[in-house]
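Notes for the one structure printed next.
Readers should treat all values here as calculations from the given coordinates under stated rules, not as data from a laboratory. Because the structure is predicted, anything quoted here is derived from the model rather than measured. Every residue, glycine among them, receives a Cβ derived from its backbone with ideal geometry; neighbour counts consider all protein chains shown.
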Amino acid sequence: MVIPETLRADYEGAEIELPLADAPPSLLRLAEIWNEKRGSNPLPPRELFRFEDIVPWLGYLHLLEIVGDDFKFRIFGSAVAAWLGHDYTGRRLSDVLSTVPDVGTKAAAGYRKAIATSAPVYLHTDLARHRGTEFGWSRLLLPLGDGDCVTHLIIAIHYRP
């Protein structure tokens, strides 16, 4: 018996870190804004990012606050929430880990890398499946903070159907 494509299980493809220069133009532009806001400081503070700065990425952007060893989604992009079927605004990553452990574990590894390096991290997945649709996607992780202490992360998502 052949199982129809639409009934096969969702899966997460392998995620790899790539040089920032390999990111799609929209994510490169967000990285440029991050760098402009940073100026000569190690990190740009969250307060420097205004609504007007992020309009092109609305729906595909998350803002995470670092809370101890966990992360709290202050903003969870509405387009991503619609795609996933879950809105995690106001929830912690530990909640995500309890519902979709593979996704949460992969997300946490990227977040921790951006915190450890205090620098943009560009991650790419060639092929994944969710709700019967195969796609590729990329994430740009941008640390924000006070001095050299990371307090928040901006995560921008780019999907390729």
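Semi-axes of segment 64-120's equivalent ellipsoid from the Cα gyration tensor, sqrt of 5 times each eigenvalue, largest first, rounded to whole Å? Each step should come with its number before you reach the end.
On the way: eigenvalues 71, 31, 26 Å².
They are 19, 12, 11 Å, listed largest first.
Taking the Cβ-Cβ separation of ARG50 and ALA14 as r and a Förster radius of 30 Å, what is the calculated FRET efficiency to the nearest 0.05? Walk me through the intermediate numbers first.
Values: r = 36 Å, r/R0 = 1.19.
Computed FRET efficiency for ARG50 and ALA14: 0.25.
Could you calculate the FRET efficiency of SER40 with ARG91 from 1/(1 + (r/R0)^6), where r is the beta carbon distance between them and R0 is 30 Å, rounded to 0.05?
On the way: r = 35 Å, r/R0 = 1.18.
The value I calculate is 0.25.
Starting from the Cα of ALA21, step 7 Å along the direction of its Cβ; do the same at ASP126; then give the gap between the two resulting points in nm.
2.2
Under 24 Å from the Cα of LYS37, which lysines turn up, not counting those fewer than eight places away in the same chain?
Here the lysines satisfying the reach criterion relative to LYS37 are LYS72, LYS113.
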